[in-house]
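Written below as structure tokens is the structure these notes are about.
The values are calculated or read from the model by the stated rules, or taken from the named source; none is laboratory data. The structure displayed is predicted, hence computed values, not measured ones. Cβ placement follows ideal geometry from the backbone for every residue including glycine, while neighbour counts extend to all protein chains displayed. In case anyone asks, the SASA skips ligands and DNA or RNA and just uses the protein heavy atoms, side chains included. Shrake-Rupley method; radii C 1.70, N 1.55, O 1.52, S 1.80 Å.
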Amino acid sequence: MTVFYDVFNGDADGICALHQLRLAEPRPGVLITGAKRDIALLERVAAQPGDAITVLDISLARNVSALQRLLACGASCRYFDHHFAGEVPAHPNLKTFIDTAPDICTSLIADRYLGGRHRIWAVVAAFGDNLAAAARSAAAPLGVNELQIAQLQELGESINYNAYGESVDDLNYHPADLYQTLNRYADPFEFISGEPVFESLRTGRADDLYLADELKPEMETARCALYVLPDAAWSRRVSGVFANRLAQRHPQRAHAVLTTRPGGFVVSVRAPIAAPRGADELCRQFAGGGRQGAAGIDLLPRSELDRFTAALAAHYP
């Protein structure tokens, strides 16, 4: 008997992409997902010949070895994604739907595949993936008003926020449980108005941001600021969103948000929005990396904190 596997990123894009597919193609499946950082999910699939795998919103480049193993064993796979894919294996049992354009997400790819049958959930996902213009464009033919647009945006951002954390232990809801709750609703406005989980998602995000907003910077100049968050689950959830919020509030300033961990700090750096350059260069000095506008360090030793603080100030004088 064929076993169906649904493998998806635990953020809004992965959840809403799968939700669209299963609204259109209902079938039970083994759910494999995790926190937003859990990318190598295909390693967890133990498929047999004839099994069918649907993959959504995880990089093929990061999963290519596991994918080749599964194809070689006789499983088939549909792969939907918008991240860098690398070299895509050529195999008769693999169908890929990959688009890396900067204004698209996996849920919009799934929407394209389904011919717009459940597009409103792609709108939710696009808002959650910080693609507001793409979300509004997708919503235009649906006849939703500005209040409803705002509700869809809040839903997308709340679902997406739930995926942030070092592991699923940090999350308010396991993404598989959240998907199964969401899967009972074809209409997102019914989920918003009648599902207690939505209120819990919304207030959880607001509570974390309130705690972060109460913090004072450890270092602050006209051009940069550094914040240190405590070693707590809420800190690991909020760090990236808090860094983005600081960047939006002070577009002329660079920001570093450090989350305390045993032995040191996880670092998120945002270059000034007004001049989004240099974040990757700064982080590479400390074995980190990323993009010019946003970068990070997996673990900054506590002994390096003073040197990093000085480097941040020198980098954005």
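Worth pointing out:
- Of Ser76, Ser303, Ser235, the one that fluctuates the most in a GNM where the chain has Cα springs shorter than 10 Å: Ser303
- Projected onto their three principal axes, the Cα atoms of segment 126-259 cover extents of 47, 33, 19 Å, largest first.
- Between segment 149-207 and segment 25-94, the Cα center-to-center distance that results, in Å: 25 Å
- When the trypsin sites (Lys or Arg not before Pro) in segment 155-208 are filtered for DSSP coil states and for at most 16 other beta-carbon atoms within 10 Å of their beta-carbon, the remaining sites are Arg184.
- Solvent-accessible area per residue in segment 146-281 equals 44 Å², computed with a 1.4 angstrom probe and all protein chains kept.
- Phi to ³J(HN,Hα) by Karplus 6.51 cos²θ - 1.76 cosθ + 1.60 over segment 22-31, Hz, x for Gly, Pro: 7, 5, 7, 10, x, 6, x, x, 7, 8
- Applied to segment 196-207, the Karplus parametrisation 6.51 cos²θ - 1.76 cosθ + 1.60 on θ = phi - 60° returns per-residue 3J(HN,Hα) values of x, 4, 4, 4, 5, 4, 5, 6, x, 5, 5, 5 Hz, with x for Gly and Pro.
- Residues with amide H under 5 Å from that of Ile53, placed H, sequence gap 5 or more: Tyr5, Ser76, Cys77, Arg78
- With the convex hull constructed from alpha-carbon coordinates only, segment 251-317 shows a mean projected area of 3.8 nm² over all directions.
- The chain: relative contact order as a whole-number percent, Cα under 8 Å and 6+ apart: 13 percent
- Along the axis of the charge dipole computed for the chain (Cβ charges of +1 for Lys and Arg, -1 for Asp and Glu, origin at the Cα centre), the listed residues Ala310, Tyr173, Pro188 are led at the positive end by Ala310.
- Taking θ as phi - 60° and the Karplus parameters 6.51, -1.76 and 1.60, the scalar couplings of segment 43-60 work out to 4, 8, 8, 10, 7, 10, x, x, 6, 10, 10, 10, 10, 9, 6, 10, 4, 5 Hz in sequence order, x denoting glycine and proline.
- About its Cα centre, the dipole of the chain is roughly 560 debye, where the only charges are +1 on Lys and Arg Cβ and -1 on Asp and Glu Cβ.
- Per-peptide packing, taken as the mean over residues of other Cβ atoms within 10 Å, places 14-26, 141-153 in the sequence 14-26, 141-153 from highest down.
- Over segment 1-99, accessible surface divided per residue gives 41 Å², non-protein components excluded, 1.4 Å probe.
- Carbon plus sulfur fraction of accessible area for the chain, probe 1.4 Å, in percent: 50 percent
- Taking amide H as placed 1.01 Å from N in the peptide plane, the amide H of Gly264 sits under 5 Å from that of Arg302, each at least 5 places away or on another chain.
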